[in-house]
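J.: Below you will find the structure I want to go over with you.
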Amino acid sequence: MNDEPVNTINELAAATAFSKQAPIFDELYAGDIIIQYKRQRVRDHVMRYLQPESNILELNAGTGDDAVFFAQKGHRVHATDISDIMQNMLKEKVRLKGLEGSVSTELRSFTDLKHLFNRGPYDLIFSNFAGLNCTDKLQDVLRSFNGLLKPGGLVSLVILPKFCLWEFSLLFRGKFKTAFRRMAGKKGTKAHIEGEFFRCWYYNPSFVKASLEGSFTVESIEGLCTLVPPSYIEKFAEKHPVAYNFLQKKEDKWKGRWPWRNIGDYYIITLRKNN
């Protein structure tokens, strides 16, 4: 059975959801301490590997915060997304920052990279904050990266794993649905944003490694929001600053160790294409 129409419907539903959220997206997340921590952690991780003046392909680029960041650091970014409203907001942000010469855009799903207009080759393919969890065809997506990268090029992805320590702990507060939602298996979990429903799937680092085995070598895996709470536990940092600072220090120390690198709300994984 050909399930491509089903995948397309789910992608379009996700795009509709994020398009509805787009006008308030930056306002929702700009002042959140934990979201700022997450974003800084991801950027610090990626910047450890990037060479000056790199050419970056960003998937699910959203409203362009990361594209602007990398462009301001002297890199060239081709920012893709399936949401036209997100892309329009990104373009306006780039224009206001005077970065039109460093950031290009393309309305494109990461499941359709074979039709990507700007094919690079790139020094880095980057996807932040679980955009890749919106498909059950992640293996196909990952295997499409090889031809878009230079020899020695990098892939840096931020993905939701199948188990989150903080999320599972909600079991003891009676939030059974949230505690077990990552265990939905192949059918995925129903997500809900701005009145729109779509499905998400969860992937462990071992899945990414196996999908790219032979063509890529793992450089690093870090847990993200393993000890620091997920950002949907609202205002934790503001309400409990001492506890938050303690947890942040411990996470920064243990982020790359087992088991912490595998049981966060997200993990950051970077792989290098073999020459």
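Nothing in this text is a laboratory measurement; each read-out follows from the coordinates by a stated rule. Just so we're clear, the structure is a prediction, and the values are computed from it rather than from any experiment. A quick note on method: Cβ atoms are made from the backbone with ideal geometry, for glycine too, and the neighbour counts reach across all protein chains shown.
J.: Normalised by the residues of the range 85-237, what does the relative contact order come to in percent, with Cα pairs under 8 Å and at least six apart?
T.: Reported relative contact order: 20 percent.
J.: A further question on this structure: Measure up K114/K190; K190/K253; K114/K137; K20/K239 against 22 Å on the Cα-Cα distance and list the ones that go over.
T.: Violating the 22 Å Cα-Cα cut-off are K114/K190; K190/K253; K20/K239.
J.: Please compare each pair in K97/K209; K38/K177; K91/K187; K97/K235; K97/K255 to a cut-off of 28 Å on the Cα-Cα distance and tell me which ones are over it.
T.: Beyond 28 Å between Cα atoms: K97/K209; K91/K187; K97/K235; K97/K255.
J.: Pick from D136, D65, D81: which is most flexible by mean-square fluctuation in a GNM of the chain where alpha carbon atoms under 10 Å apart are linked?
T.: D65
J.: Based on Cβ point charges of +1 for Lys and Arg and -1 for Asp and Glu, what charge dipole magnitude is obtained for the chain about its Cα centre, in debye rounded to the nearest 20?
T.: 900 debye
J.: Still on this structure: Using a Gaussian network model on the chain with a 10 Å cutoff between Cα atoms, which of W258, W201, W166 fluctuates the most?
T.: Result for the chain, Cα springs under 10 Å: W258 fluctuates most.
J.: Now, a different point. Positive end of the dipole of the chain, charges at C-beta (+1 Lys, Arg; -1 Asp, Glu), about the Cα centre: which of P259, F117, Q87 has its Cα farthest in that direction?
T.: Most positive-ward Cα: P259.
J.: Now a separate question. Over the chain, what relative contact order in percent results from Cα pairs under 8 Å that are six or more residues apart?
T.: So the answer I get is 21 percent.
J.: Of (i) 55, 37, 32; (ii) 49, 46, 41; (iii) 54, 44, 37, which is the value of Cα extents along the principal axes in Å derived from the coordinates here?
T.: (ii)
J.: Highest GNM mean-square fluctuation, the chain, Cα pairs closer than 10 Å: which of I33, I125, I24?
T.: Fluctuation is largest for I24.
J.: Please list the non-local residues whose amide H lies under 5 Å from the amide H of T135, H modeled 1.01 Å from N, same-chain partners needing a gap of 5 or more.
T.: For T135, whose amide H was placed from the backbone, the distant partners under 5 Å are W201.
J.: Under a 5 Å amide H to amide H cut-off, with H placed in plane at 1.01 Å, what residues pair with L149 once short-range neighbours are removed?
T.: So L149 has HN proximity to Y122.
J.: ³J(HN,Hα) across the range 47-61 via Karplus (A = 6.51, B = -1.76, C = 1.60, θ = phi - 60°), whole Hz, x for Gly/Pro?
T.: Per residue, the Karplus-derived 3J(HN,Hα) values read 5, 5, 9, 6, 8, x, 6, 6, 9, 10, 9, 9, 9, 6, 6 Hz.
J.: With θ set to phi - 60°, apply the Karplus curve 6.51 cos²θ - 1.76 cosθ + 1.60 along the range 114-124 and write out the HN-Hα couplings as whole Hz, x wherever there is a Gly or Pro.
T.: 5, 9, 4, 6, 9, 9, x, x, 10, 8, 8
J.: Among the aspartates and glutamates, which fall within straight-line cross-link reach of K273, defined as a Cα-Cα distance under 14 Å, with same-chain neighbours fewer than 8 residues apart omitted?
T.: D123, E213, E219
J.: Suppose R0 equals 35 Å; then what is the FRET efficiency for I193 and K249 from their Cβ-Cβ distance, rounded to the nearest 0.05?
T.: Working from the Cβ atoms, E equals 0.60.
J.: Right, something else. For the range 79-95, in order, what is each residue's ³J(HN,Hα) by Karplus, 6.51 cos²θ - 1.76 cosθ + 1.60 with θ = phi - 60°, in whole Hz (x at glycine and Pro)?
T.: Each residue's phi maps through the Karplus curve to give 9, 10, 6, 8, 8, 5, 5, 4, 4, 5, 5, 4, 4, 5, 4, 5, 4 Hz.
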